[in-house]
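The values are calculated or read from the model by the stated rules, or taken from the named source; none is laboratory data. Bear in mind the structure is a predicted one, so any value in this text is a computation, not a measurement. Positions of Cβ are backbone-derived with ideal geometry, glycine not excepted, and every protein chain shown enters the neighbour counts. Note: accessible area is taken over every heavy atom of the protein model, side chains too, but ligands, DNA and RNA are not part of it. Shrake-Rupley method; radii C 1.70, N 1.55, O 1.52, S 1.80 Å.
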Amino acid sequence: MKLKGNFVIKKIAEETVAIRINKDIADLRGAISLKGSAETIFSALLEGLNKEDIINQLVENYHITKEEAANDTEAFLNVLYNNNLLEG
Amino acid sequence: MQKQNLYTMEDLVPVMNSFFAEGKKVMVTAVGNSMLPLIRNQKDAVVLEGYNGGELNIGDMVFFKRYDGKYVLHRIVGVCEDGSFVIQGDNQLITDSGVKKEHIIAVPTAVIRGKKTVSVHSKEYLRYKKIWTHSRVLRKLFIASFNLKIKVKRMIKIFSK
């Protein structure tokens, strides 16, 4: 499971977003909004963590059940897959 | 996913500056009709690099903060005695005077027209720049026909209600 392309996390108008970097150009045209657990999940993907590790990190950071963490993770990963941002 | 046009330029400039400080360029969707026919509203994009205080000449495009606080990408059409610039959109007759180097944030390195990347150093761009900036008649004709098109569209809208 891997993000397609290089990304950095920044703030635009107090909102946390992921911005794609292609060579030395930051593409601001399609910034990905990272609200709530999405930021943790995206950061974990950038670090190369697998789904199980991501779920465990959510449980630890947000004090939620493993089932809730798994649902959140699955939902956000589906958004990334549907927008052709994730492979594997 | 968040489209860029949900953010204002005021929202984007701080993050643009952070990328410029890292030596990176940014790509942004063009908004507005002031740089037609070169840059089309919401269809084309521009690649910008941070302005480092270097030499600027008549004909160069610059991204700057205008006196009214708005951020604009237009072209240098003149230089005043005090070294400040007179700036104008390719699709405009009005100008902004007194624009100083400290107001300039970035300069474009390329225009993305649809799927095609046009470098500001390419022959085709330099040809466009030469023709457009030297032909007042052509520019006035284009601007007049663009404004007429808008008026006709408005009249059609009114009469079709």
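According to a simple spin-label model (label point 7 Å from Cα along Cα-to-Cβ), what is the distance in nm between B:Leu148 and B:Ser97?
Taking the two extended label points, one gets 3.1 nm.
What order do B:Lys115, B:Lys123 take when sorted by accessible area (1.4 Å probe), most exposed first?
Details: B:Lys115 205, B:Lys123 165 Å².
Accessible-area ranking of B:Lys115, B:Lys123, largest first: B:Lys115, B:Lys123.
State, in square angstrom and to the nearest 100, the accessible area buried between chains A and B, both chains counted, probe radius 1.4 Å.
Details: alone 5720 and 10480 Å², together 14420 Å².
About 1800 Å² of accessible surface is lost on pairing.
Can you run phi through the Karplus equation (6.51, -1.76, 1.60; θ = phi - 60°) for segment B:26-38 and list ³J(HN,Hα) in whole Hz, with x for Gly and Pro?
So the Karplus estimates, Gly and Pro as x, are 10, 10, 10, 6, 6, 10, x, 10, 5, 10, 5, x, 5 Hz.
Below 8 Å, C-alpha to C-alpha, sequence gap of six or more: please give me the relative contact order for chain A in percent. Don't jump to the answer; show the numbers that get you there.
Details: 98 pairs, mean separation 25.6, N = 88.
Relative contact order, chain A: 29 percent.
Percent of Cα-Cα pairs per 10 Å bin, from 0 to the last occupied bin, for segment B:4-135, please list those.
Reading the bins upward from 0: 12, 46, 37, 5, 0.
Report, by chain and number, residues whose modeled amide H sits under 5 Å from the one on B:Gly89, excluding near sequence neighbours (fewer than 5 apart, same chain).
Residues meeting the criterion, in which the H sits 1.01 Å from N, are B:Arg75.
Quick check on chain A: what does the Kirkwood estimate of hydrodynamic radius come out to from the alpha carbon pairs, in Å? Let's see the in-between values first.
Details: mean 1/r = 0.0749 Å⁻¹.
It is 13.3 Å.
I'd like the carbon and sulfur percentage of the solvent accessible area for segment B:46-161, probe radius 1.4 Å, heavy atoms only, ligands and nucleic acids excluded.
Working: 4280 of 7500 Å².
Whole-percent figure for carbon plus sulfur exposure: 57.
For the protein assembly as shown, what is the accessible area per residue in Å² when the probe is 1.4 Å?
With the other protein chains kept in place, the protein assembly as shown gives 58 Å² per residue.
Would you calculate the separation in nanometres between label points at B:Leu6 and B:Tyr67, each defined as 7 Å from the Cα along the Cα-to-beta-carbon direction?
3.6
If one takes the longest principal axis of the Cα atoms in chain A, at what angle in degrees, from 0 to 90 and to the nearest 10, does the Cα axis of helix A:37-47 lie?
70
Could you check the spin-label model distance between A:Ile64 and B:Val31? Points 7 Å from the Cα along Cα→Cβ, value in nm.
Reported label-point gap for A:Ile64 and B:Val31 is 3.2 nm.
I need the phi-derived Karplus couplings for segment A:27-34: 6.51 cos²θ - 1.76 cosθ + 1.60, θ = phi - 60°, integer Hz, Gly and Pro marked x.
8, 8, 6, x, 5, 9, 6, 10
What FRET efficiency would be calculated for the residue pair B:Asn17, B:Phe159, taking the C-beta separation as r and a Förster radius of 45 Å, to the nearest 0.05? It would help to have the intermediate numbers written out before the result.
Values: r = 48 Å, r/R0 = 1.06.
Plugging the Cβ-Cβ distance into 1/(1 + (r/R0)^6) gives 0.40.
Residue by residue through segment B:134-141, what is 3J(HN,Hα) from phi via Karplus (6.51 cos²θ - 1.76 cosθ + 1.60, θ = phi - 60°)? Round to whole Hz and write x for glycine and proline.
9, 10, 5, 5, 4, 5, 5, 5
Given a cut-off of 18 Å, name the pairs among A:Lys10/B:Lys25; A:Lys23/B:Lys123; A:Lys11/B:Lys24; A:Lys2/B:Lys116; B:Lys65/B:Lys100 whose C-alpha atoms lie farther apart than that in the structure shown. List each step's numbers first, then the result.
Working: A:Lys10/B:Lys25 15 Å; A:Lys23/B:Lys123 24 Å; A:Lys11/B:Lys24 16 Å; A:Lys2/B:Lys116 29 Å; B:Lys65/B:Lys100 10 Å.
In this structure, A:Lys23/B:Lys123; A:Lys2/B:Lys116 exceed 18 Å between Cα atoms.
Relative to the first principal axis of the alpha-carbon coordinates of chain A, what is the inclination of helix A:51-62, with its axis defined by its Cα atoms, in degrees from 0 to 90 and to the nearest 10?
For helix A:51-62, the angle is close to 80 degrees.
Is there a simple number for the mean count of other chain Cβ atoms within 10 Å of the Cβ of residues in A:17-27, and what is it? Show your work: numbers first, answer last.
Numbers: counts 4, 2, 4, 1, 3, 1, 2, 6, 10, 13, 8.
Counting other chains' Cβ atoms within 10 Å and averaging over A:17-27 gives 5.
Can you list the lysines whose alpha carbon sits under 19 Å from that of B:Lys153, skipping same-chain ones fewer than 8 residues off?
Straight-line reach from B:Lys153, under 19 Å: B:Lys161.
At each listed q (0.07, 0.08, 0.16, 0.17 Å⁻¹), what is the log10 of I(q)/I(0) that the Debye formula gives for the protein assembly as shown modelled as equal alpha-carbon point scatterers?
Reported log10 I(q)/I(0), two decimals: -0.33, -0.42, -1.14, -1.24.
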